[in-house]
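Written out below as structure tokens is the structure these notes cover.
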Amino acid sequence: MGFIGLCDGDPVVEFLRSTFGANIMRIPRASLRPPEVVAARQGRAKTMGQLADILAEHPPFIMDVADLHEEQAPPVLARKTRAVGFNLGLEILGGLLQGFGISKAGLGAAFAPQSTISFNFHDVRRVYMEPNRLGRLLQGRALDRANPATSVYFDVQDPWRLLLIDSVLTSPGFTVTAKRSNAESAHVDLPTIQQLVSDASAKVTVSSSASSEVSFTGEERLTFAFTCLEVSLDENGRMVGLAGSGARTVIQGLAGSSAAGSAPQPVTGVLLSDEPGLLDLDPASG
């Protein structure tokens, strides 16, 4: 799992981590949606695919359209991030553009080397499953031990943690703003950026309302952050617990839960890094 560290104090990053327990992705993805499975171990995390593919067949795992909710995200997530230095700013921008299928090669020519760079996402929305509903759907469920992909969770010496993505934050695009070290606006070479987008044949609209900024808007919404909850398994592979960061909170309704019938406590997602930053999820192979 690759990782780009960020400094403490950015209001957007702090809100994502402290309020949601959200993990921020270096390269946004359109495909990442609940309840995708993430396996984690020793600083690594990798996407594994959809939950239904690793469950025992009976009873059938059925999700209704109503199980997924969508809402406008809090306004703080539309604010500009704190400006970062030129090199780090280009690294962040390169990852965001890679989500649109655009290479970062040549990107530095569009910005003055003395620039600091900030970002803000457009029209952020949250797609989520309620933890109690997810717990109810998992009640009585077990992993299919015959599926080779589940063996990583039963490694005797060092099992992988089974995490389920329960919410994602999505956006169709973002704006980049450049400033000089003295906080004055810095010029952004819009034609250079438009050429990069054109060369990539990306389905992205590039626009600008000021010489110091440029906006990118794609045709589909990309997930740039997600939350996940950890699934506890018994020796038979039954799902008996669902918990977030901090104190382990068992969600009401899970089979084998000693807290079944008690009032559930709020949970935030499992943070895959102790430090604020942008992470790469490894592919499922390996």
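The values are calculated or read from the model by the stated rules, or taken from the named source; none is laboratory data. On a predicted model such as this, the values are computed, not experimentally measured, just so you know. All Cβ positions, even for glycine, are placed from backbone atoms using ideal geometry, and neighbour counts span all protein chains on display.
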Given (1) among the β-branched types (Val, Ile, Thr); (2) touching a helix residue (DSSP H, G or I) at 6+ places or on another chain (Cβ under 6 Å); (3) in a helix (DSSP H, G or I), number of the condition Thr81 does not satisfy: (3)
Looking across segment 222-238 at residues that are touching a residue at least 24 places away in the same chain (Cβ under 8 Å) and surrounded by fewer than 20 Cβ atoms within 10 Å (Cβ to Cβ), the single one that is farthest from Ser115 (Cα to Cα) is Asn236
Residue tally, condition closer than 21 Å to Arg26 by Cα and surrounded by 14 or more Cβ atoms within 10 Å (Cβ to Cβ), over segment 184-204: 6
Are there any pairs, at least 6 apart or on different chains, whose C-beta atoms fall under 6 Å, with the first in segment 128-154 and more than 13 Å from Gly241 (Cα to Cα) and the second loosely packed, with under 15 Cβ neighbours inside 10 Å, and if so, which? Tyr128/His69; Tyr153/Pro159
Those strands (runs of 3 or more DSSP E) lying entirely in segment 109-188 with at least 1 residues farther than 21 Å from Gly269 by Cα: 116-121, 161-179
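Rundown of residues vs (1) modelled with pLDDT of 95 or more; (2) farther than 26 Å from Asp155 by Cβ; (3) assigned to a helix (DSSP H, G or I), yes/no style:
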| position | (1), (2), (3) |
| --- | --- |
| Asp8 | no, yes, no |
| Phe15 | no, yes, yes |
| Thr19 | no, yes, yes |
| Ile24 | yes, yes, no |
| Arg33 | no, yes, no |
| Val37 | yes, no, no |
| Ala52 | no, no, yes |
| Glu57 | no, no, no |
Go through the residues of segment 150-158 one by one and say whether even a single one is at pLDDT 95 or above, in contact with a helix residue (DSSP H, G or I) (Cβ under 6 Å, 6 or more places away or on another chain) and crowded, with 19+ Cβ neighbours inside 10 Å. yes
Taking the conditions exactly as written (loosely packed, with under 14 Cβ neighbours inside 10 Å and either of a type outside the set (Lys, Arg) or touching a residue at least 12 places away in the same chain (Cβ under 8 Å) (or both)), does Gly106 satisfy them or not? yes
Sole exception among (1) touching a strand residue (DSSP E or B) at 6+ places or on another chain (Cβ under 6 Å); (2) part of a helix (DSSP H, G or I) for Gly94, by number: (1)
Does segment 33-50 include one or more residues that are in contact with a helix residue (DSSP H, G or I) (Cβ under 7 Å, 6 or more places away or on another chain) and surrounded by fewer than 19 Cβ atoms within 10 Å (Cβ to Cβ)? no
Is there a residue being touching an Asp or Glu at 6+ places or on another chain (Cβ under 9 Å) and among the acidic types (Asp, Glu) anywhere in segment 102-124? no
A careful count of residues in segment 51-61 that are buried (at least 16 other Cβ atoms within 10 Å of the Cβ) and touching a helix residue (DSSP H, G or I) at 6+ places or on another chain (Cβ under 8 Å) gives 2
